[in-house]
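A.B. asks: Could you have a look at this structure, given as structure tokens, before my questions?
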């Protein structure tokens, strides 16, 4: 059964979420008070509705409180964001995701009932900074609860050595959980052998606590 979504606020983030979810096969209701914003997503959403997003009855009529996930992407309108989160929580929406711009805003909406928050600009800035500081880092994702996973290109000095030789877990307190070649057509080695030599072009998938993984990533530049 397809999950259903309501995206309230059709700025850059909201509009792109609508398109991506719809293209992924989800049922998506897109809502904004701006007719032009609604018009831009009418062909890439299940329904695109121009509505007063602060009006509980209007949101109810649009079906917002019946969806699996409500996403509030009302940047620079925190008062309406708070009201929207409160209404969704009161009306029983199980998952409420809110776009915020500060830690204080995150605390407020979580106290009201948001199940998760997103900081798109902050997260993008951190991601770009990591990529610039650590060119061998190909991806880095937080799994929550202080656990991260990262993909790193195998440094030249490690080529020909094995995981057993490198003693990565003992030295850095992180675990190499998979190895793939830097080629989409190559198979991924899940739980790689500690005795197989690393090759040029290998990408290491590494799991660990956030601080330990950050330190490990930094060591690649040494």
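The values are calculated or read from the model by the stated rules, or taken from the named source; none is laboratory data. A quick note: this is a predicted structure, and the numbers were derived from the prediction, not measured. Here Cβ is always computed from backbone atoms with ideal geometry, including for glycine, and neighbour counts include all displayed protein chains.
A.B. asks: Yes or no: residue 143 under 30 Å from residue 106 (Cβ atoms), assigned to a strand (DSSP E or B), at pLDDT below 90 and not assigned by TED's automatic domain parsing to the domain that holds residue 71?
C.D. replies: In short, yes.
A.B. asks: Which of the numbered conditions does residue 25 fail, given that it passes all the others? Conditions: (1) outside any loop (DSSP other than H, G, I, E, B); (2) closer than 25 Å to residue 141 by Cβ.
C.D. replies: Evaluating residue 25 over (1) outside any loop (DSSP other than H, G, I, E, B); (2) closer than 25 Å to residue 141 by Cβ leaves (1) as the failure.
A.B. asks: From the list 181, 186, exactly one residue is surrounded by 12 or more Cβ atoms within 10 Å (Cβ to Cβ), more than 25 Å from the chain's Cα centre (by Cα) and modelled with pLDDT under 90. Which is it?
C.D. replies: 186 is the lone residue from the list that is surrounded by 12 or more Cβ atoms within 10 Å (Cβ to Cβ), more than 25 Å from the chain's Cα centre (by Cα) and modelled with pLDDT under 90.
A.B. asks: Follow-up. Specify which of the listed residues (53, 64, 8, 18) is crowded, with 16+ Cβ neighbours inside 10 Å, more than 24 Å from the chain's Cα centre (by Cα) and closer than 15 Å to residue 98 by Cα.
C.D. replies: 53
A.B. asks: To continue, here is another question. Could you check how many residues of segment 36-76 are in contact (Cβ under 8 Å) with a residue 40 or more places away in the chain and part of a loop (DSSP other than H, G, I, E, B)?
C.D. replies: 7
A.B. asks: Tell me, which strands (runs of 3 or more DSSP E) lie completely within segment 150-220 with 3 or more residues that are free of Cβ contacts under 8 Å to residues at least 40 places away in the same chain?
C.D. replies: In segment 150-220, the matching strands (runs of 3 or more DSSP E) lie at 174-181, 188-190.
A.B. asks: Any chance segment 118-138 includes a residue that's exposed (fewer than 14 other Cβ atoms within 10 Å of the Cβ), modelled with pLDDT of 75 or more and not in a helix (DSSP H, G or I)?
C.D. replies: no
A.B. asks: On the given criteria, is residue 80 within 16 Å of the chain's Cα centre (by Cα), on the phi < 0 side of the Ramachandran plot and at pLDDT 90 or above?
C.D. replies: no
A.B. asks: With the condition kept exactly as written, say whether any residue in segment 91-111 is more than 22 Å from the chain's Cα centre (by Cα) and either in the same structural domain as residue 13 (by TED's automatic domain parsing) or surrounded by 14 or more Cβ atoms within 10 Å (Cβ to Cβ) (or both).
C.D. replies: yes
A.B. asks: Okay, next question. Could you figure out which of (1) closer than 19 Å to residue 140 by Cα; (2) in contact with a helix residue (DSSP H, G or I) (Cβ under 9 Å, 6 or more places away or on another chain); (3) modelled with pLDDT of 90 or more isn't true of residue 221?
C.D. replies: (3)
A.B. asks: Does residue 104 qualify as being without any contact (Cβ under 8 Å) to a residue 24 or more places away in the chain and either closer than 26 Å to residue 122 by Cα or assigned to a strand (DSSP E or B) (or both)?
C.D. replies: Yes, satisfied.
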